[in-house]
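*Asks:* The structure follows.
The values are calculated or read from the model by the stated rules, or taken from the named source; none is laboratory data. Every value quoted in this text rests on a predicted model; they were computed, and no experiment measured them. Positions of Cβ are backbone-derived with ideal geometry, glycine not excepted, and every protein chain shown enters the neighbour counts.
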Amino acid sequence: MRIINMTQLNKAQINQAAQILTESIPSGWPTLQHAMDEIKALLIPENTLLAAIENETVLGWGGILAPIYNGNVFELHPLVVHRDRRNQGIGRAIVTALEDAAGKQGGLTIYLGADDERGNGETSLANVDLYDDLPGKINSFSPGTHQSGFYLKLGYKIIGVMPDANGTGKPDIYLAKRL
Ligand SMILES: CC(C)(COP(=O)(O)OP(=O)(O)OC[C@H]1O[C@@H](n2cnc3c(N)ncnc32)[C@H](O)[C@@H]1OP(=O)(O)O)[C@@H](O)C(=O)NCCC(=O)NCCS
């Protein structure tokens, strides 16, 4: 497996990347066309998109967006790995490469929003009053099956929440890491 800049992908590989995006996060990109439009919009020089490929097949990909706060802060968006190839270190490899890219551009912080929106909520921050003792709730956070467990493993810390971002009791969870 190698990590390459997505500007180097051919049309078929961009299609594979879009397929992985719509399959992995259908709530954000319900169709292949939505996913293709997203990749097209993201593939601008201000952003860095990196893909993991093996035998010319895209296994997963992720991006960092143009920095904010005078170049200090980069948002990681999006990140997806093909469902058949999860738990093989591919997500970690992509995130590490994105962190390196953000660091090389002078970034101090990398952050992301991870929506807790599926079903009745997956984490301990779903369906609770986030206006009451949020620090305590963050201290005793439990990710359940949610992807925030992945980011915690990679050294990210919860830095805040957006209550009810996805409907009542369904927050967006902000995680960040020092570069
Ligand atoms: C989240 C995602 C990108 C992780 O990619 P991955 O390739 O499966 O992750 P890795 O194999 O690199 O995992 C790295 C570590 O995190 C752990 N991990 C992976 N997913 C996890 C989860 N959901 N909860 C807890 N730990 C997890 C792995 O076990 C591994 O731990 P280890 O180092 O102790 O072996 C992938 O599951 C995915 O595409 N999910 C759907 C889309 C999504 O949720 N994207 C993130 C949007 S914010």
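*Asks:* Given the condition in contact with a Phe, Trp or Tyr (Cβ under 8 Å, 6 or more places away or on another chain) and of a type in the set (F, W, Y), answer yes or no: does some residue in segment 51-62 qualify? Steps first, answer last, please.
*Replies:* We begin by selecting, within segment 51-62, every residue in contact with a Phe, Trp or Tyr (Cβ under 8 Å, 6 or more places away or on another chain); these are 51-52.
Checking the rest, the ones that are also of a type in the set (F, W, Y) come to none.
No, the conditions are met nowhere in segment 51-62.
*Asks:* Filter segment 2-42 down to residues that are surrounded by 15 or more Cβ atoms within 10 Å (Cβ to Cβ) and farther than 25 Å from E117 by Cβ and give me whichever is nearest to the ligand (Cβ to nearest atom).
*Replies:* So, considering only residues that are surrounded by 15 or more Cβ atoms within 10 Å (Cβ to Cβ) and farther than 25 Å from E117 by Cβ, the one nearest to the ligand (Cβ to nearest atom) is I3.
*Asks:* Oh, and also: Wholly within segment 1-93, which strands (runs of 3 or more DSSP E) include no fewer than the required count, namely at least 3 residues that are among the small types (G, A, S)?
*Replies:* On the way: elements: 2-5, 48-54, 57-64, 73-81.
Here the list reads 57-64.
Okay, residues lined up against (1) under 14 Å from the mean Cα position of the chain (by Cα); (2) assigned by TED's automatic domain parsing to the domain that holds A114; (3) farther than 24 Å from Y156 by Cα:
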| residue | (1), (2), (3) |
| --- | --- |
| Q13 | no, no, yes |
| Q16 | no, no, yes |
| T22 | yes, no, yes |
| P30 | no, no, yes |
| I44 | no, no, yes |
| G91 | yes, no, no |
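*Asks:* Would you call E117 farther than 18 Å from L9 by Cα, free of Cβ contacts under 8 Å to residues at least 40 places away in the same chain, within 11 Å of the ligand (Cβ to nearest atom) and of a type in the set (D, E)?
*Replies:* no
*Asks:* Tally the residues that are on the phi > 0 side of the Ramachandran plot and near the ligand (Cβ under 9 Å from one of its atoms), restricting the search to segment 78-107.
*Replies:* 2
*Asks:* Looking only at segment 103-123, count how many residues are surrounded by fewer than 17 Cβ atoms within 10 Å (Cβ to Cβ) and out of contact with any strand residue (DSSP E or B) (no Cβ under 9 Å at 6 or more places or on another chain).
*Replies:* Number satisfying all stated conditions: 5.
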